[in-house]
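Asker: Sharing a structure below in structure tokens format, with a few things to ask.
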Amino acid sequence: MHTADLGSESGDSRAESAAAAKAAVRSRLRAARRELTAEQISIRGRALAQVLQTVVPAGSAVAGYLPMPGEPDVRPFLIDHAEVGGLVYVPVIASSTDRLLTWAPWSPAAQLRRSAFAAVEEPLGDGLDTVALREHHPEGLTVLVPGLAVDHQGARMGQGGGFYDTAFGAGSDQRVSTSGGSAVGRPSDLGPLRFIAVVHAEEVLRPGAFPVEPHDLRVHTIVTEREATTPRPL
């Protein structure tokens, strides 16, 4: 066996080990989310809105999300933000195979339909791809990033679909620098991105609690129903 083959097998083994470890953590976190009642989610959602209002400027452009069961409910914040003149977009799964999202304008009056690919509601109508959305807001964009967990250094673990990592992570065609929030590599006027991880308070974990891979998206701010915090430097 060639040395290159050994290296490839070693890399494959590490990837499989990381995937297995992530799967175990995801299973535990999903089970904990299933224990949350609708009332608890609602109470946390109202508290979450108050925290988000302290870190998201009124009137700014926000790429939010409509929650899946068990996810932190950002709808109270999105409603308040839209009512004071903020622009809100939410993701629509354009392709599950290619892990592509488009971004549809959202308001409290938006007509919704169930996604064909996930347990989530999506607005009717046309959306913008990620590059077009950023071109539309050269002043910058705040992205509320859902996930199952985030560690104190800002590493996020998602549901495993890879949609946000594909759109914004190190392997994306956005070529986003999460340290500076700017993008390069496209001949477009793309404004800065600010990533805010939105998780339940008990889902903010110590570094090392789950594997972190190079393509995983890192965030600038962590928001829970209790507080907003800035990740510690690596």
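The values are calculated or read from the model by the stated rules, or taken from the named source; none is laboratory data. The structure displayed is predicted, hence computed values, not measured ones. Neighbour counts are summed over all protein chains in view; Cβ atoms, including those assigned to glycine, are modelled from backbone coordinates with ideal geometry. Remember, those area values only see protein heavy atoms, side chains included, never the ligands or the DNA or RNA. Shrake-Rupley method; radii C 1.70, N 1.55, O 1.52, S 1.80 Å.
Asker: Over the range 65-119, with the other protein chains present, what is the accessible area per residue in square angstrom, probe 1.4 angstrom?
Answerer: So the range 65-119 comes to 50 Å² accessible per residue, rounded to a whole number.
Asker: Is there a quick way to get the dipole size of the chain? I mean about its Cα centre, with the Cβ of Lys and Arg at +1 and of Asp and Glu at -1; what is the value in debye to the nearest 20?
Answerer: Here the chain has a charge dipole of around 420 debye.
Asker: Going toward the positive end of the dipole of the chain, with +1 on Lys and Arg Cβ and -1 on Asp and Glu Cβ, which of 59, 136, 17 do you reach last?
Answerer: Value: 17.
Asker: In whole percent, what relative contact order does the chain give with Cα contacts below 8 Å and a gap of six or more residues?
Answerer: So the answer I get is 19 percent.
Asker: Ok, one more. Answer rounded, prolate or oblate for the range 75-152, using the Cα gyration tensor with square roots of eigenvalues a ≥ b ≥ c: rounded when a/c is under 1.5, else prolate when a/b is larger than b/c, else oblate. Don't jump to the answer; show the numbers that get you there.
Answerer: Details: a/c = 1.22, a/b = 1.15, b/c = 1.06.
Because its axes are fairly even, with a/c under 1.5, the range 75-152 counts as rounded.
Asker: Let's see if you can work this out: charge +1 on each Lys and Arg Cβ, -1 on each Asp and Glu Cβ, no other charges. What is the dipole magnitude of the range 19-141 about its Cα centre, in debye to the nearest 20?
Answerer: 680
Asker: Determine the share of the range 22-66's accessible area contributed by carbon and sulfur atoms, expressed in whole percent, with a 1.4 angstrom probe.
Answerer: Numbers: 1250 of 2320 Å².
It is 54 percent, rounded to a whole number.
Asker: In the chain, if the dipole is taken from +1 on Lys/Arg beta carbons and -1 on Asp/Glu beta carbons about the Cα centre, which of 152, 105, 125 is farthest to the positive end?
Answerer: Checking the options against the dipole of the chain, the answer is 152.
Asker: What is the helix-to-structure angle for 3-34, meaning the angle in degrees between its Cα long axis and the longest Cα principal axis of the chain, kept from 0 to 90 and rounded to the nearest 10?
Answerer: For 3-34 against the chain, the angle is about 40 degrees.
Asker: Towards the positive end of the charge dipole of the chain, with charges on Cβ (+1 Lys, Arg; -1 Asp, Glu), say which of 115, 163, 228 has the farthest Cα.
Answerer: Working it through, the farthest residue towards the positive pole turns out to be 228.
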